[in-house]
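Notes follow once the structure below has been shown.
The values are calculated or read from the model by the stated rules, or taken from the named source; none is laboratory data. As the structure is a prediction and not an experimental result, all values here were calculated from the model. Quick reminder, even Gly has a Cβ in these numbers, built from the backbone with ideal geometry, and neighbours come from all protein chains shown.
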Amino acid sequence: MKDNEKFSDIVKEIRALPEPDYDKTFGKETQNKIYQNILQYERVWKKKQKRRVRAKRMTLGLASAVAILLFIMFNGPLNQENSALNDDQPDQIQKGEENQPSDSEKDETTANDSGTAASNKIIYRNAEYGFSFSLPKGWEGYTVVTETWEGTNNQSELVESGPRLAIRHPDWTAENPRQDIPIMVFTIDQWAALEKGEYHIGAAPIQPSKLGENNNYVFALPARYNFAFPDGYKEVEDILKGDPLQPNNVESDSVEITQQLQPTLTKMDGGNSFQYVLKNSSQQAVTLTFDTSQEFNYIVWKKDAEGTMVYDYSEDQSFDNTPHKKTIAPGEELSYTIDLGQDYERQTYILEVYMTSNEPEEDSSTKFHQNLEFTIN
Amino acid sequence: MASNQISEWYHLYNKDIYHFLVYYVGSSDVEDLVQEVFIRAIKGVDSFQQKSSPKTWIFSIARHVGIDEIRRRNRSRIKQMLSFRGEQQDEDTPDAILQFNENNKLLYQAIQSLKATYRDVLILRAIKELTVSETAAILNWNENKVRITYHRALKALQKNKEDFFDER
């Protein structure tokens, strides 16, 4: 159990590595020289910064002067007209009163204009696959329905599948369905295979048409999505003409996996046992790969400033070097029971559990990791 | 005000930083780097949040200065190798100022052969004897990651050291 003692020798050795002989190599003289240099640098730096602030203020002043000038130039004629109309009012008050209504009028007209103004669009953002889709204001309150597309080969076997998102109009009802905006999501590989004709989707001989792609996914419109011509199909056609889908890169696969799988760690009743569960709360199956027969690991620390390690499962047990994979279907979970036994002193410990799946090396120690404090008393 | 701060920090930490850089960069010639650390501190003092400790802040600057320096040295080493083919330069070691014995040398080589994250955590935790939370602040990791990585680094180090020993 006293795992950390194995390393105490090497820690001692490291701590015994000599410190530099400061008097000889980094003596007072050197230290002072550097100190003087730093002080001098600081003086110069401060002066520069003051100058920079002053310059900023000056440019700011200049810019505002230009702005005022422009404002006067454009509003000038208007004011003159107004003051000609009601002479008895002082100029300045009038400016405020007259300009406000006219400004808001302008806003309204642009908002009604179905042109390019940003305000009449709403944006649907999908962080999971990395795209945004702009919709007309009338779609406010839309819902997104996730379905699956299925790709079959020539022997009618299911070979590929993936999500198909449907953006649904708020007025949609089961009795009166309106045209959805369907977006199929392919991985890059799936898309390439589709283009090669390795499989096809539905009976349609026509392939989906690409709407955009990012580093991980290709987004496409199913062929003949509107064959039934339900209400609103024309509007959807118009929306799609306007190039509404903007792909953006998803950070990486591993980030997604961490969003899809939720770990929990709970203490079980009685004894010194815990349960670690990794639940797939997403709509997609997730596959984890393992380099060895080990799937998870846990470590017990003493909760003190030094953070002494008491136990490391991976070092206590032996595992085969047989790589394997494990797929967690949507809604399913992996569950592991951890029994720590009774070999603990009266103290507070931290139990850390994490998956040993093959994630990017840098962060492997924090993959799905969960901590739980427990006290033996 | 700020000037007093820098002076105070300099006097508190200049030796620590020197010690750190000697080990981190693996060279005895780091006075300029110490200066660079504090110059960067002056430039960044506005962004330094009072809530974090100046010690870990200065260390994290020093680490970045160290990383830059290692890169620069690697570049110039490659250049040198290209221009004087075959002329092998001596591996940089801080022997000159550290007076390593044979065992120290071996251990130090083993540390230098580790990957960067392991070296980071070993030098901060074991050589500079910083606490877990200080190390976490410097590396911008959570404390568990520091503990685990430290543990793994020690394990890897032990193995490397044995390998070096066998080679001899």
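For the residues B:Phe165, B:Phe100, the requirement of being within 14 Å of chain A (Cβ to nearest Cβ), modelled with pLDDT under 85 and outside any helix (DSSP H, G or I) singles out B:Phe100. Looking at A:Leu261, is it assigned by TED's automatic domain parsing to the domain that holds A:Ala285, more than 21 Å from A:Phe133 (Cα to Cα) and at pLDDT 85 or above? Criteria not met by A:Leu261. Against the numbered list (1) at pLDDT 85 or above; (2) surrounded by fewer than 10 Cβ atoms within 10 Å (Cβ to Cβ), A:Ala84 comes up short only at (1).
Here's the yes/no breakdown for (1) of a type in the set (Phe, Trp, Tyr); (2) modelled with pLDDT of 90 or more:
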position	(1), (2)
B:Phe20	yes, yes
B:Asp46	no, no
B:Glu91	no, no
B:Arg119	no, yes
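Condition test on A:Asp269, is it surrounded by fewer than 12 Cβ atoms within 10 Å (Cβ to Cβ) and at pLDDT 80 or above? When the stated conditions are applied, A:Asp269 passes them.
In the range A:342-363, the residues that are within 22 Å of A:Ser293 (Cβ to Cβ) and part of a loop (DSSP other than H, G, I, E, B) reach residues that are at pLDDT below 85 and of a type in the set (D, E, K, R) with C-beta atoms within less than 8 angstrom, at least six apart or across chains, in these pairs: A:Thr356/A:Asp291; A:Ser357/A:Lys367; A:Asn358/A:Asp291; A:Glu359/A:Lys367. Which of the residues belonging to the range B:107-160 are among the aromatic types (Phe, Trp, Tyr) and touching a Lys or Arg at 6+ places or on another chain (Cβ under 8 Å)? Once the filter is applied, which keeps residues that are among the aromatic types (Phe, Trp, Tyr) and touching a Lys or Arg at 6+ places or on another chain (Cβ under 8 Å), the range B:107-160 yields B:Tyr118, B:Tyr150.
From the list A:Glu195, A:Glu150, pick out the single residue that is touching a Leu at 6+ places or on another chain (Cβ under 6 Å) and acidic (Asp, Glu). After applying the criteria, what remains is A:Glu150. Within the range A:173-190, the residues that satisfy the criterion of being outside any strand (DSSP E or B) and within 18 Å of A:Glu147 (Cα to Cα) are A:Thr173, A:Ala174, A:Pro177, A:Gln179, A:Asp180, A:Gln190. With respect to (1) modelled with pLDDT under 85; (2) among the polar types (S, T, N, Q); (3) not in a loop (DSSP other than H, G, I, E, B), the lone exception for B:Ser60 is condition (1).
Restricting attention to the range A:222-229, does a residue exist that is assigned to a strand (DSSP E or B), without any contact (Cβ under 8 Å) to a residue 60 or more places away in the chain and on the phi < 0 side of the Ramachandran plot? So that I can check it myself, show each step before the final result.
To start, the set of residues in the range A:222-229 that are assigned to a strand (DSSP E or B) comprises none.
The answer is no, given that none of the residues of the range A:222-229 is assigned to a strand (DSSP E or B), without any contact (Cβ under 8 Å) to a residue 60 or more places away in the chain and on the phi < 0 side of the Ramachandran plot.
Residues of the range A:191-230 that are under 21 Å from A:Arg178 (Cβ atoms) and surrounded by fewer than 14 Cβ atoms within 10 Å (Cβ to Cβ): A:Arg224, A:Phe227, A:Ala228, A:Phe229. Of all the numbered requirements in (1) farther than 18 Å from A:Tyr276 by Cα; (2) within 11 Å of chain B (Cβ to nearest Cβ); (3) at pLDDT 85 or above, A:Glu361 misses one, and that requirement is (3). The set of residues from the range B:128-147 being at the interface with another protein chain (Cβ under 9 Å from one of its Cβ atoms), over 15 Å from A:Trp301 (Cα atoms) and surrounded by 20 or more Cβ atoms within 10 Å (Cβ to Cβ) comprises just one member, B:Trp141. When A:Thr152, A:Thr173 are screened for being over 30 Å from A:Pro136 (Cβ atoms) and of a type in the set (Ser, Thr, Tyr), only A:Thr152 passes.
Of all residues in the range B:37-47, count the ones that are at the interface with another protein chain (Cβ under 10 Å from one of its Cβ atoms) and either part of a helix (DSSP H, G or I) or within 12 Å of the chain's Cα centre (by Cα) (or both).
6
Among the residues of the range A:290-312, not a single one is more than 14 Å from every other protein chain (Cβ to nearest Cβ), in a strand (DSSP E or B) and surrounded by fewer than 18 Cβ atoms within 10 Å (Cβ to Cβ). Given the structure, is B:Arg125 over 17 Å from A:Leu17 (Cβ atoms) and touching a helix residue (DSSP H, G or I) at 6+ places or on another chain (Cβ under 9 Å)? No. Checking A:Lys47, A:Lys24 one by one, the residue that is in a helix (DSSP H, G or I), basic (Lys, Arg), exposed (fewer than 10 other Cβ atoms within 10 Å of the Cβ) and modelled with pLDDT of 80 or more is A:Lys24 and no other. Of the residues in the range A:305-323, at least one is at positive phi and modelled with pLDDT under 80.
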